[in-house]
Amino acid sequence: MIDRNPHVEKLHADYLFGEIARRKSALEQRCPDAWVISLGVGDTTAPIAPVVAQAIGEAAAAMSTPEGYRGYNEGFGLPELQQRIASRLYEGRVSPDEVYIGDGACPALGRMQLLLGSGCSIAVPDPAYPNYLFAGVVVGQTGAFDESTGHYQGVTYLKCTPENGFFPDLASTPRTDLIFFCSPNNPTGTASSREQLQQLVDFARANASILIFDAAYRDFVRDDAIPRSIYELGGAREVAIELGSFSKLAGFTGTRLGWTIVPHELTYRDGKPLYPDWEQMQISFFDGASNIIQHGGIAVLGDQGFEACRTTIDGYLSRAALIRETLTTLGYEVYGGEHAPYLWARVPGVSSWEAFDRILEQTHVVTTPGVGFGPAGEGFLRFSAFAADRDVSEAMKRLATRTV
Ligand code: PGU
């Protein structure tokens with residue numbers, strides 16, 4: 001037998017959503033008749049648009065014919081899908097051959113971290129989507145977890161709180177090799193302005209850092225003044241890798257489809273481009289996303305599919321508005337939810353987990369404790385607007401009948 005990988009040994013606590021699921025199922029065992037409503041994990045609930053499901057069905061059926069059958073994928077995605085992503089989502093700011101189709105933002109992040117390697121120093125927002133750190137810890141980019149601070153040693157944390165407008169103070173931020181950032185943001189639901197993101201790109205350029213920009217929620221932006229992609233900012237092509245996903249755009253959380261943009265201008269210190277190494281990773285660790293599902297992606301980016309997805313996202317945003325309004329009326333200090341499916345609410349006087357447990361016990365509504373995203377999230381709860389309309393309305397009624 002072998003010893004456990006020492007980097008894995010450093011991982012702190014259980015995965016956040018696993019702990020939430022455990023507490024939810026404990027309640028369900030105690031109260032088997034309870035109607036438990038989840039505003040916790042950010043998982044989509046609206047059905048896939050019929051035009052998209054039809055394209056997936058047709059692609060699956062074609063696989064049973066000699067003419068339609070396809071084996072291993074050639075290249076890094078179906079050319080039509082790469083083309084549509086480059087034109088519809090990036091308006092030509094990236095070329096189709098810079099679009100690498102994959103099975104979602106999260107697995108692409110893991111493969112990217114494996115490529116960038118254990119020698120990289122990293123900066124992550126606090127609070128942040130936990131998987132930025134998870135991959136970093138496993139490849140060995142961090143030191144041990146420090147119980148007293150709630151932070152991994154050797155990591156630069158970019159504090160993002162209401163006090164700094166959810167944007168880090170870059171003047172006091174040390175240089176790191178990699179900088180992770182996400183806008184519209186999970187968990188705070190806030191979206192960074194053009195000026196803020198330009199500062200971030202300029203900071204990465206000045207420090208010769210790579211910016212790993214997570215645009216998983218880009219299609220929730222409803223104001224064209226707010227960037228949907230990091231490549232809307234000058235100079236980003238030289239320093240930024242962008243992670244994109246069909247999960248929240250089209251309800252593909254279980255179907256799995258995403259993309260990574262690796263611009264040709266992005267180089268290592270010695271001036272050699274990074275993208276050939278990424279191509280090698282894709283070939284060696286992953287043989288491409290399901291071609292059947294890629295046909296679904298092509299349909300998402302057609303006129304009819306895109307309009308249908310936009311309507312679905314509008315529905316999530318209207319539920320986010322209802323959550324925002326209810327929590328505000330109840331006296332919570334609330335952020336986000338205007339260009340993102342998440343709301344970030346301060347729970348004064350109690351810890352995040354205490355607030356989570358109380359709301360779960362009293363109203364049977366599942367939320368996400370802010371501290372699960374990092375110590376700067378302590379004292380906050382995240383509410384997800386991905387639940388069905390009926391569930392969100394019922395959850396808000398229940399919250400309104402209890403005191404904070
Ligand atoms: N990036 C961000 C910022 C996310 O919030 C999520 C999902 C992903 C990437 C994953 O994208 P895929 O393309 O589907 O891989 N966050 C959800 C789900 C949590 C989970 O278990 O991954 C959330 O509730 O935070």
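The values are calculated or read from the model by the stated rules, or taken from the named source; none is laboratory data. For clarity, every value in this text was computed on a predicted model and none was experimentally measured. All Cβ positions, glycine included, derive from the backbone under ideal geometry; neighbour counts span all protein chains shown. Just so you know, the surface numbers come from the protein's heavy atoms only, side chains and all, with ligands and any DNA or RNA stripped out. Shrake-Rupley method; radii C 1.70, N 1.55, O 1.52, S 1.80 Å.
With no solvent and one point per C-alpha, what does the Debye sum give as log10 I(q)/I(0) for region 1-57 at q = 0.14, 0.19, 0.24 Å⁻¹?
Values returned for q = 0.14, 0.19, 0.24 Å⁻¹ are -0.72, -0.83, -0.98.
Suppose a student asked you for the relative contact order of the chain, using Cα pairs under 8 Å spaced at least 6 residues apart; what percent would you report?
22 percent
What's the carbon and sulfur percent of region 72-147's accessible surface, probe 1.4 angstrom, rounded to a whole number?
53 percent
Relative to 2.2 N^0.38 Å, what does the C-alpha radius of gyration of region 61-220 come to as a ratio? Two decimals please.
Working: Rg = 18.4 Å, N = 160, 2.2 N^0.38 = 15.1 Å.
Region 61-220 yields a ratio of 1.22.
What's the magnitude of the charge dipole for region 154-247 around its Cα centre, counting Lys and Arg as +1 and Asp and Glu as -1 at the beta-carbon? Answer in Debye, nearest 20.
80 debye
Can you work out D for region 250-404 in µm² s⁻¹ from Stokes-Einstein, where Rh is the Kirkwood radius over C-alpha pairs, the temperature is 20 °C and the viscosity is 1.002 mPa s?
After rounding, the answer is 115 µm²/s.
Principal axis lengths of region 47-148 from Cα atoms, whole Å, largest first?
Each principal axis gives a Cα extent; for region 47-148 these are 59, 31, 29 Å.
Take each of the peptides 66-77, 333-344, average the number of other beta-carbon atoms within 10 Å over its residues, and list them starting from the highest. Don't skip to the end; give the middle numbers.
Working: 66-77: 12.2, 333-344: 24.4.
Highest-to-lowest ranking by the protection proxy: 333-344, 66-77.
Measuring with a 1.4 Å probe in the full set of protein chains, what accessible area per residue, in whole Å², belongs to region 296-404?
Accessible area per residue: 38 Å².
Between residue 163 and residue 54, 0.36 nm times their residue separation minus their Cα-Cα distance comes to what? Mind dumping the intermediate values first?
Working: separation 109, 0.36 × 109 = 39.24 nm, distance 4.74 nm.
Taking residue 163 through residue 54 to full extension adds about 34.5 nm, to one decimal.
Principal axis lengths of region 30-87 from Cα atoms, whole Å, largest first?
Over region 30-87, Cα extents along the principal axes are 55, 31, 22 Å.
Below 24 Å, Cα to Cα, which lysines can residue 397 reach? Residues fewer than 8 away in the same chain don't count.
24
Using only alpha carbons, build the gyration tensor for the chain and give me the equivalent ellipsoid semi-axes, biggest first, whole Å.
32, 27, 21
Straight-line reach only, C-alpha to C-alpha below 25 angstrom: list the lysines that residue 10 could link to, leaving out same-chain residues fewer than 8 apart.
159
Sorted by packing (mean other beta-carbon atoms within 10 Å per residue), highest first, where do 301-307, 269-275 land?
301-307, 269-275
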